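**Student:** I have a structure I would like to understand better, so I am pasting it below and will then ask my questions one at a time.
Coordinate-derived values only; no laboratory data. What you are looking at is a predicted structure, and each value in this text was computed from that prediction instead of being measured. So basically every Cβ, Gly included, is an ideal-geometry build from the backbone, and we count neighbours across all protein chains shown.
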Amino acid sequence: MTTARGELVDVSVTRWYHCLSRCVRGGFLMGEGFADRKQWIEDRLELLDAAFAVSIGGFAIMDNHLHVLCRLNPDEGNAWTDEEVARRWLSVFPPKTLKLDDPKVVRAWVNQQTADPKRILVLRERLQDLGWFMKSLKEPLSRMANKQDGCRGAFWEARYKSIAILDTEALLATCAYIDLNPLAAGIAETPESSPHTSIRQRVGHVRQQDRLDSLKAARDGSVAGSKAAGNIEQNHWLVPLADRRAHTNAKTKSNREGMLETFSLGSYLLLVDYTGRLFRNGKANMSAGVKEVFDRLGTSCEFWSDRIKKMLSSRDLRGSYFAADNSKVHDLSSQRGKRITNLCPQALPGG
């Protein structure tokens, strides 16, 4: 039986959700000859990240499906002024007849919206809603693709799948799984060369800042190199890997909320590179840096590798919840009075 979306997406349980959507009938509607559609989605994700109270932690745009890792930020959305709500909505859904290049016309439209408190309440709720986020991502591409192809009908399967991420180990595994999708499909030789992925976006951002030396040092196994990445992602649109809010001071002024405390982009690249070699070659040398990462996670290479390989080799991810610690799923089952399925039931040592 299909579970109501309201039960699957609950910020009191977790703010992190792995969303998947497939093209209708599994068709390769974003494959060869349709690369512009992949780029459109990538650009659209950046736009929606800026407008919604939903942040993007990872993505992979494949030939016939899409992965997006989303974090819900209700406190952020509730803190917006009414004018901010109206302008954010306008950036995503501009009326066709509105002259966006005329500040007076835009101001009049914003004033009209803010004069209606009920309308602003509706828009504020939509801009915090995962369903509306996915709708805003998928529907415009459907219309554009149908126009290009001169046809009608569905582009995407009717309902996107959402998997609630219940702990930090599962969050990291989901990030790696998403970024390794093109490598597993044989599209790329290395994770950072994977087209239309968050890992390529992150590395490209570092390259633009001329900071690749730090990441190369981390990839070669230097713990110091991993730490050198520091706050390198603070001005990138994707959610930073490292949650450095505890390191905020007069010099940094403020640090954005990241994904994992004290876990840098350098460490993540090292882990994903190691995992990619395991998947592609069946073996990989474990550097001191990789060993330190597993030690910090409280897991082992065997547990990590088995989990990721199972995910990458499965055509469909079964289950609506994912936790490395099975007790998290058991507790949630007890609270809701019904059995729920863990996407990857093998627990970490001690989990």
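**Student:** Could you please give the count of residues in the stretch 306-338 that are within 21 Å of the chain's Cα centre (by Cα) and part of a helix (DSSP H, G or I)?
**Tutor:** 7
**Student:** Next question, about the same structure. So which of Phe93, Phe34, Phe28 is farther than 23 Å from Ala188 by Cα, hydrophobic (A, V, I, L, M, F, W, C), more than 15 Å from the chain's Cα centre (by Cα) and surrounded by fewer than 19 Cβ atoms within 10 Å (Cβ to Cβ)?
**Tutor:** Working: Phe34 fails: farther than 23 Å from Ala188 by Cα; Phe28 fails: farther than 23 Å from Ala188 by Cα.
From the options Phe93, Phe34, Phe28, the qualifying one is Phe93.
**Student:** Inside the stretch 61-93, can you point out the residues that are assigned to a loop (DSSP other than H, G, I, E, B) and out of contact with any helix residue (DSSP H, G or I) (no Cβ under 9 Å at 6 or more places or on another chain)? Walk me through it before giving the result.
**Tutor:** Initially, the stretch 61-93 is screened for residues assigned to a loop (DSSP other than H, G, I, E, B), giving 62-64, 73, 80-81, 93.
Result: Asn73, single match.
**Student:** Is it the case that some residue within the stretch 137-148 is over 23 Å from Ala60 (Cβ atoms) and assigned to a loop (DSSP other than H, G, I, E, B)?
**Tutor:** no
**Student:** Only one of these is under 30 Å from Ser314 (Cα atoms) and of a type in the set (D, E, K, R): Arg159, Arg107, Arg119. Name it. Please lay out each step first, then the result.
**Tutor:** Working: Arg107 fails: under 30 Å from Ser314 (Cα atoms); Arg119 fails: under 30 Å from Ser314 (Cα atoms).
Exactly one residue qualifies, and that residue is Arg159.
**Student:** Confirm whether Val11 is assigned to a loop (DSSP other than H, G, I, E, B) and either surrounded by 13 or more Cβ atoms within 10 Å (Cβ to Cβ) or touching a Lys or Arg at 6+ places or on another chain (Cβ under 8 Å) (or both). Spell out the reasoning first.
**Tutor:** On the way: assigned to a loop (DSSP other than H, G, I, E, B): yes; either surrounded by 13 or more Cβ atoms within 10 Å (Cβ to Cβ) or touching a Lys or Arg at 6+ places or on another chain (Cβ under 8 Å) (or both): yes.
Judged against the criteria, Val11 is a match.
**Student:** Limited to the stretch 261-309, what total is found for residues that are on the phi < 0 side of the Ramachandran plot, small (Gly, Ala, Ser) and surrounded by fewer than 19 Cβ atoms within 10 Å (Cβ to Cβ)? Talk me through it step by step, then tell me what you get.
**Tutor:** Taking the stretch 261-309 and keeping what is on the phi < 0 side of the Ramachandran plot, we get 261, 263-281, 283-297, 299-309.
Now narrow it down to the ones that are small (Gly, Ala, Ser): 264, 266-267, 276, 284, 287-289, 300, 305.
Imposing the further condition that a residue be surrounded by fewer than 19 Cβ atoms within 10 Å (Cβ to Cβ) reduces the set to 284, 287-288, 300, 305.
Total satisfying the criteria: 5.
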